[in-house]
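Here is the structure we will look at.
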Ligand code: DC
């Protein structure tokens, strides 16, 4: 039985189920799960509330000036058995998932200073390993030495359908076409931005889950974590 811990970095396109996989893997191994996208979403919510975004254009200089005042943390919610995202002490977990934030988060996540501040926080959270973090640059920038890196993907149509189902189940009045457009636009911005574009790390394993059930994915990923634990010798410290 191994008792050393590794870092599992999960990157990939939006709405392809990264968080679901990451959460399940974290629970299985007793690791912390960190949804790094939630952090960019919380910064976006802050910017929206302070009128720093107008018709999709972010007032970058003002937002950068506000960064020292933006505190983001995750607190475990025992009722939901998962962590909620807090922005300056307020639980914003639900609000950061809604369309106004989804529609404005990509431009916020292109700002190099915002990324630098989030990466610093993320690296701090992973300093003792035993963490599963999902995002876009986790295996390439945040934890380039992560023991296990996964790159998750699925077709844009399948991802849009999944997000549509998720939001309609919560009673949100959304259209499939609007969501598909949002998914495609976010793919484009995430992959073409200058600061840490979404790309597969050379040593990441690809998981295309277009035609896989959650259970199939979980079995596959757990197998990879177990292999990685066997392969990586514990720190000598
Ligand atoms: O995973 P998500 O859809 O909640 O991510 C929200 C946005 O944040 C998305 O536009 C990509 C961006 N993001 C990022 O640039 N880097 C990360 N590590 C995580 C998310």
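Only the coordinates and a few stated rules stand behind these numbers; no lab work does. As the structure is a computational prediction, the values presented were derived from the model and not from experiment. Positions of Cβ are generated from backbone atoms using ideal geometry, with glycine treated the same way; all protein chains shown enter the neighbour counts.
How many nm is it between the label spots at residue 4 and residue 157, if each spot is 7 Å from the Cα in line with the beta carbon?
It works out to 4.6 nm between the two label points.
Among 74-84, 161-171, 177-187, how do they line up from the highest to the lowest mean number of other beta-carbon atoms within 10 Å? Walk me through the intermediate numbers first.
Numbers: 74-84: 12.1, 161-171: 14.2, 177-187: 17.2.
For the peptides 74-84, 161-171, 177-187, the packing ranking is 177-187, 161-171, 74-84.
For the range 21-180, what is the largest minus smallest coordinate of the Cα atoms on each principal axis, given in angstrom and ordered from greatest to least?
42, 37, 32
On C-alpha positions alone, give me the angle between the axis of helix 112-125 and the longest principal axis of the chain, in degrees, nearest 10.
40 degrees
How far apart, in nanometres, would the label points at residue 82 and residue 192 be if each is projected 7 angstrom from Cα along the Cα-to-Cβ direction?
3.2 nm
Please rank 25, 119, 233, fewest neighbouring Cβ atoms within 10 Å first, as an exposure proxy. If you can, show how the numbers build up before the last one.
Numbers: 25 23, 119 19, 233 7.
If I rank by nearby Cβ atoms, fewest first, I get 233, 119, 25.
Based on other C-beta atoms within 10 Å, arrange 188, 199 from fewest to most.
188, 199
Between helix 214-231 and the chain, what is the angle of the helix's C-alpha long axis to the longest principal axis, kept within 0 to 90° and rounded to the nearest 10?
Tilt of helix 214-231: around 50 degrees.
Helix 36-49 sits at what angle to the longest principal axis of the chain, using alpha carbons and giving 0 to 90 degrees rounded to 10?
Value to nearest ten degrees: 10.
Mean separation of Cα pairs under 8 Å and 6+ residues apart, divided by the residue count of the chain: what relative contact order is that in percent? Before the final figure, lay out each step's value.
Working: 337 pairs, mean separation 78.6, N = 237.
Once divided by the residue count of the chain, the mean separation gives 33 percent.
Treat the count of other C-beta atoms within 10 Å as a stand-in for reagent exposure and order 118, 39, 212, 62 from fewest to most.
Values: 118 23, 39 26, 212 15, 62 12.
In order of increasing Cβ crowding within 10 Å: 62, 212, 118, 39.
Just the number, please: Stokes-Einstein D of the range 83-156 in µm²/s, Kirkwood Rh from C-alpha pairs, 4 °C, 1.567 mPa s.
Details: Rh = 14.3 Å.
Once the numbers are plugged in, D ends up at 91 µm²/s.
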